[in-house]
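Okay, structure first, notes after.
The values are calculated or read from the model by the stated rules, or taken from the named source; none is laboratory data. Bear in mind the structure is a predicted one, so any value in this text is a computation, not a measurement. Cβ: placed from backbone, ideal geometry, glycine included. Neighbour counts: every protein chain shown. Protein only, heavy atoms only, side chains kept; ligands, DNA and RNA dropped before computing areas. Shrake-Rupley method; radii C 1.70, N 1.55, O 1.52, S 1.80 Å.
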Amino acid sequence: MKILFVTGPSFSGKSIYIRKTYADAKVVKISTFKEVVDVALSNEELEELAKNSYFYCREALMNTIRKANEDDTVILECQLLNKASRKFYLDAVREVSEAPVECVLMRPEEEKIKELLADYPTLVSLHQYELGKLEMPSVEEGFAAVHIIRPEFEDTDWHTLVHTN
């Protein structure tokens, strides 16, 4: 079994990379669990749902690994900008598997992001803000390998990049 954490700031191309490189993978996305936050009726409920989304994603990751076959690829797609977040999910993986976990960090050229998102200055700012919060992943954290990918977006990728992350 291959287990990957595909990480990086918003709009760095995580979903595009997964779709193009690992089309048959079993993907667990934190964004799927965060979508439930949109239905919050109050600030207290919003905070509770947001906090719980990480735990729901953790459980989904563990269950996906438990059900995976030896030849499957399981991917966690999540920003995981800091070491504490990565440890939270690495510990979950270790509860159910001893398979090596690799980290793929998406780091597009900043000029390309500015070009792709030129009509969305707020999204450029979000990407840059999150990039500033990034703590570089390393093998010392428990990853078997860390790969830094600088994606080359195609002309058709920009629409997907803006509307799915």
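Laid out as a table, the results:
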quantity: Around Ser138: net Lys/Arg minus Asp/Glu count, Cβ-Cβ under 10 Å; calculated: -1
quantity: Accessible surface, 1.4 Å probe, highest first, among residues Asp91, Asp24; calculated: Asp24, Asp91
quantity: Three-way shape call for region 41-150 based on the alpha-carbon gyration tensor, with the a/c threshold at 1.5; calculated: oblate
quantity: Listed residues Lys133, Lys2 arranged by accessible area, highest first, probe 1.4 Å; calculated: Lys133, Lys2
quantity: Apportionment of accessible area to carbon and sulfur, region 71-161, percent (1.4 Å); calculated: 50 percent
quantity: Solvent-accessible area of Val96 with every protein chain in place, 1.4 Å probe, in Å² to the nearest 10; calculated: 40 Å²
quantity: Met106, Met1, reordered so the largest accessible area comes first (probe 1.4 Å); calculated: Met1, Met106
quantity: Other-chain or far-sequence residues with amide H under 5 Å of Lys29's (modelled H); calculated: Glu77
quantity: Cα→Cβ-extended label distance, 7 Å offset, between Asp72 and Arg94, nm; calculated: 2.3 nm
quantity: For Phe143, solvent-accessible area (1.4 Å; no DNA, RNA or ligand), Å²; calculated: 10 Å²
